[in-house]
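Okay, so here's the structure we're looking at.
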Amino acid sequence: MTSKLKRWGSRRVKIKVGVFFGGKSTEHEVSVISGIQAAHSLNKDKYEVVPVYVTKQGDFYTGPELLDITEYKNLDALLQKAVPVAIIRDREKVLLYKYPFGLFKKPLNYLDVILPVMHGHLGENGGFQGFFEVLDIPYAECGVLPSAIGMDKVITKYVLRSAGIPVIDWYSFYGHDWLTDEERLIEEMENQIGYPLIVKPATGGSSIGISIVHNRQELKDGVELARSMAEKIIVEKLVENMQEVNCSVLGDSENAEASVCEEPVSTKEILSFDDKYSNSNTKGMSGAQRKIPADIPEEQAETIRELSRIVFNLLGCKGVIRIDYIIDKDTNQIYLNELNTIPGSLAFYLWEPKGISYTELLDQLLTIAIRNHQKAKSLTYSYENNLFLSGLQGLKK
């Protein structure tokens, strides 16, 4: 798949790619690293990068200085150099305007397609995807529904279990329920699942706010930590003799391909934030320790790849996703653990063994985005009728 350059007269015009990163999320800094990494990896002969940094307060900024990772050491100084912008659709164009607007409002730039590299809650949960849908602009990565499902670990489990996909037993509740009915919740978790348990924010990621608990006091502490990061909490049975394996899928409903499998290397009982990011400096997930391919039998790897393709199509995904699995080494049972609709570093390291460079992966993502946007525009979204002429007669004046 290759993206075609636009032509303006006899001159070839580069496709303008809005690379969005940052956002209101506990994974804000990780998103910045991944976004800058992706921006620098785009084919500069085909694409012109327009960086759009989203602050933790939800403000938009653009400017070339946003693509220098060292500038983020002093964020206040960086934002003084960058330009605050508003993003507006004007007829057939998606335009960036300096904000606040001046007397003579002229756009700073325009966007042809968006590459969202926004990890975590308000970036991966369908919110920004809905914004891009309203702007009516092609964007690489999953749509609103698969993004929303994948961000909520509880909904993910309900959907997948109903489709016969194996998931680990869980218990979920809201933070306000914990405040009013703590003892009952604890007893139900102990009776229905039993220790050891894993406590997580239901809408978090990057292993932030996760605790392994073996008794009531640890459970209380783990819930308090998770409750400070999300409204909904999920508690799962801990698979004690486990092996973590991840697999990526690339494509859309017409053609979905699974990557090789990887085995992340953990320094603790479960993969931590430090394992994923802190030990890798500014490389994002691509700098984490891992075994590629995973140390599992080929038959098991093919089962995981097939499950990944099934789930990708089941949810209507497009672009690139990473699916995380847990293997119970005592029983060889494979469980789907989590969906990552905008994976760290866009999971490019899982495609390199198949001969797809990061630059080629990004080109495929943008091609998929543009093609699916064109397909969507060919659908019927209005129905011609005379409802206003005939239906208004019965209304009271």
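Where a number appears in this text, it was derived from the coordinates with a stated rule and is not lab data. Model, not experiment: these values are computed from the prediction. For neighbour counting, all protein chains shown are included, and Cβ atoms are generated from backbone atoms with ideal geometry for every residue, glycine included.
I need the shape label for the stretch 115-182. Rule: rounded when a/c is under 1.5, else prolate if a/b > b/c, else oblate, with a, b, c from the alpha carbon gyration tensor.
Details: a/c = 3.15, a/b = 1.65, b/c = 1.91.
Oblate.
By how many degrees, between 0 and 90 and to the nearest 10, does the Cα long axis of helix 175-192 differ from the longest principal axis of the chain?
The angle comes out at about 50 degrees.
Show me the three semi-axes of the equivalent ellipsoid for the stretch 292-370, from the C-alpha gyration tensor (sqrt of 5 times each eigenvalue), largest first, rounded to whole Å.
24, 15, 10
Where in the chain lies the longest segment free of chymotrypsin sites (Phe, Trp or Tyr not before Pro) that are both loop residues by DSSP (not H, G, I, E, B) and have at most 10 other Cβ atoms within 10 Å?
Answer from the scan: 105-380.
Gap in Å between the Cα centre of the stretch 337-365 and the Cα centre of the stretch 200-270?
20 Å
Please report 188, 240 as a ranked list, fewest other C-beta atoms within 10 angstrom at the top and most at the bottom. Present the calculation step by step, with values, prior to reporting the outcome.
Working: 188 14, 240 11.
Sorted ascending by nearby Cβ count, the order is 240, 188.
Helix 28-41 against the longest principal axis of the chain: what's the angle in degrees, Cα atoms only, rounded to the nearest 10?
Approximately 50 degrees, to the nearest 10.
How far apart, in nm, are two points set 7 Å out from the Cα along the Cα-to-Cβ line at residue 212 and at residue 56?
2.9 nm
Nearest-5 percent of antiparallel DSSP beta bridges in the chain?
Restricted to the chain, the bridges split so that about 80 percent are antiparallel.
What's the percent breakdown of Cα-Cα distances in the stretch 170-237 across 5 Å bins, shortest bin first?
Spelled out bin by bin, the stretch 170-237 gives 4, 20, 35, 28, 12, 2 percent.
Just round it to a whole percent: the fraction of Cα-Cα distances in the chain exceeding 42 Å.
18 percent
Assign one of three labels to the stretch 6-141, namely rounded, prolate or oblate, based on the Cα gyration tensor with a ≥ b ≥ c the square roots of its eigenvalues; rounded applies when a/c is under 1.5, prolate when it is not and a/b is larger than b/c, and oblate otherwise.
Judged from the Cα gyration tensor, the stretch 6-141 comes out rounded (a/c under 1.5).
Relative to the longest principal Cα axis of the chain, at what angle does helix 216-227 sit, 0 to 90 degrees, rounded to 10?
Relative to the chain, helix 216-227 is tipped by roughly 0 degrees.
Suppose the chain between residue 379 and residue 265 were pulled fully straight at 0.36 nm per residue; how much longer would it get relative to their current alpha carbon spacing?
So the chain would gain 36.5 nm between residue 379 and residue 265.
What does the helix-only formula give at 222 nm for the chain: each DSSP H stretch with n ≥ 4 adding -39500 (n - 2.57), the total divided by the residues, and the result rounded to the nearest 500 deg cm²/dmol?
Value at 222 nm, helices only: -9500 deg cm²/dmol.
With a cut-off of 8 Å between alpha carbons and a minimum separation of six or more residues, what is the relative contact order of the chain in percent? Please report the intermediate quantities before stating the final value.
Numbers: 786 pairs, mean separation 65.8, N = 397.
Contact order relative to length: 17 percent.
Given a Förster distance of 22 Å, report the FRET efficiency between residue 224 and residue 188 from their Cβ-Cβ distance, rounded to the nearest 0.05.
My answer for the efficiency is 0.75.
With an 8 Å cut-off on Cα pairs and a minimum separation of 6 or more residues, tell me the relative contact order of the stretch 170-237 in percent.
It comes to 46 percent, rounded to a whole number.
Calculate the FRET efficiency for residue 163 and residue 70 from the Cβ-Cβ distance with a Förster distance of 56 Å, rounded to the nearest 0.05.
Efficiency at R0 = 56 Å is approximately 0.75.
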